[in-house]
Amino acid sequence: MTEVTKSPFGTMPDGQAIELYTLRNARGTSVAVTTYGARLVSFAREVNGTPVDIVLGYRSGADYLRDTTSMGGVVGRHANRIADGRVTIGGHTYQLEQNSGSHKQNHIHGGTHGLHYHLWTAEPVTDGVSLTAISPEGEGGYPGNLEATVTYRLTDDDALILSYRAVSDADTVCNLTNHAYFNLDGTAAPSVMEHTAEIFADEFTWADAESLPDGRILPVAGTPMDFTSPHRIGERIDADYDELRMAGGYDHNWVLRGDPAPAPYAHLKKAARVTSAQTGLALDCWTTQPGLQFYTANALGKSPLVGKGGAPYTRRSAFCLETQFFPNAFAHPHFPQPILREGEVWTAETVYRLSEI
């Protein structure tokens, strides 16, 4: 059974306490989550007698308050980008905060007061911790009062289970994900370019220079986007290919095939598997969501903050596996739509399982 402990982690500007919850299973693998942004702070497993923490993060709540990279956060109400920050639901058009893009014309991650900037309330549960936050009507331009809950559970087979739930008192947008930055060589390792990745998708959504899908769903075959068999992340990342040039690396949405995950997670679909030959660790990602944003931290390193390992985080020193609805879905009705109707309950589940190759 997983042990759950609580410790202080700093204070909000208004004096409210930020807490850190640590989960530790029977084999000694541990996970830490903070109430600020429901952020994943660490995920550590022993390798040859030494704990290896695979999640980039900071040493204190004060550092997370200064973070601008969504480090480890549960982002929303809408993870990823919306063109011009405009959404139409039930014939009503809403203008969301414009906080992304070359001219700050688009919307990303719920805006500058998104859920990853909230102080969540926490309650220990069996094998984990459940966190809840309220996004009030009008925050970021969104309609309705949204109550979001995410529960982190750590199993004895080193699976970190994220269970999401949300309700709203009006039709609104709901597309939550976790924005953890992973490095299977440890948080101080300088690169993930030697990691090997496999993505369980035959198609991706083509995106423009603003990382906005234009509606096309294209085959990965014959392109550097093809991870249907394992490839080194750095093998083709600088290829002369429009998608990689515009994004400065991988920062794209893959359309998941729906391959079932192994038991007891067969209700989920396989999203990705990333491995490191250096540590011998493997990270599997399984989800209920239709898409996966695979991001190689192309913009990391612009922040002056130093990571918890004492080393600055640099460009391409991590990867993200953001399970999600497709970006910019409101502009493309044939995409799955991230709409939560009044009175309905939105749920999703994503598992990150850590093992040896």
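The values are calculated or read from the model by the stated rules, or taken from the named source; none is laboratory data. All values derive from a computational prediction rather than experimental measurement. A quick note on method: Cβ atoms are made from the backbone with ideal geometry, for glycine too, and the neighbour counts reach across all protein chains shown. Side chains are part of the model used for accessible areas, which takes the heavy atoms of the whole protein and leaves out ligands, DNA and RNA. Shrake-Rupley method; radii C 1.70, N 1.55, O 1.52, S 1.80 Å.
Below is a table of values for the structure above.
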item: Single unsatisfied condition, Tyr265 versus (1) within 21 Å of Thr347 (Cα to Cα); (2) assigned to a loop (DSSP other than H, G, I, E, B); (3) open to solvent by less than 10 Å² (accessible area, probe 1.4 Å); (4) hydroxyl-bearing (Ser, Thr, Tyr); result: (3)
item: Count - residues of segment 297-327 that are in contact with a Lys or Arg (Cβ under 9 Å, 6 or more places away or on another chain) and among the β-branched types (Val, Ile, Thr); result: 1
item: Selection within segment 1-16 - of a type in the set (A, V, I, L, M, F, W, C) and part of a strand (DSSP E or B); result: Val4, Phe9
item: Count - residues of segment 193-242 that are under 28 Å from His103 (Cα atoms), of a type in the set (A, V, I, L, M, F, W, C) and part of a loop (DSSP other than H, G, I, E, B); result: 5
item: Contacts under 7 angstrom Cβ, first residue in segment 19-38 being touching a residue at least 24 places away in the same chain (Cβ under 8 Å) and of a type in the set (Lys, Arg), partner surrounded by fewer than 24 Cβ atoms within 10 Å (Cβ to Cβ) and outside any loop (DSSP other than H, G, I, E, B), 6 or more apart; result: Arg24/Glu3; Arg24/Ser30
item: Hits in segment 52-79 (condition: at pLDDT below 95 and either crowded, with 24+ Cβ neighbours inside 10 Å or assigned to a strand (DSSP E or B) (or both)); result: none
item: In segment 90-131, residue nearest to His179 (Cα to Cα) [restricted to those that are surrounded by fewer than 17 Cβ atoms within 10 Å (Cβ to Cβ) and among the polar types (S, T, N, Q)]; result: Thr112
item: Total residues in segment 132-151, condition open to solvent by less than 10 Å² (accessible area, probe 1.4 Å), in contact with a Ser or Thr (Cβ under 8 Å, 6 or more places away or on another chain) and not in a loop (DSSP other than H, G, I, E, B); result: 4
item: Selected residue (only one of Arg315, Arg273 is open to solvent by 50 Å² or more (accessible area, probe 1.4 Å) and not in a strand (DSSP E or B)); result: Arg315
item: Residues of segment 17-51 satisfying the condition of being open to solvent by 10 Å² or more (accessible area, probe 1.4 Å), part of a loop (DSSP other than H, G, I, E, B) and among the aliphatic types (A, V, I, L, M); result: Ala26
item: Flag if Arg232 is surrounded by fewer than 16 Cβ atoms within 10 Å (Cβ to Cβ), basic (Lys, Arg) and more than 24 Å from Gly37 (Cα to Cα); result: yes
item: Residue that is surrounded by the fewest Cβ atoms within 10 Å (Cβ to Cβ), among those in segment 318-354 that are over 19 Å from Thr187 (Cβ atoms) and among the small types (Gly, Ala, Ser); result: Gly343
item: Any hit, segment 295-310, residues being modelled with pLDDT of 95 or more, within 18 Å of the chain's Cα centre (by Cα) and surrounded by fewer than 18 Cβ atoms within 10 Å (Cβ to Cβ); result: yes
item: Selection status of Pro290, modelled with pLDDT of 95 or more, exposed (fewer than 15 other Cβ atoms within 10 Å of the Cβ) and under 28 Å from Ala348 (Cβ atoms); result: no
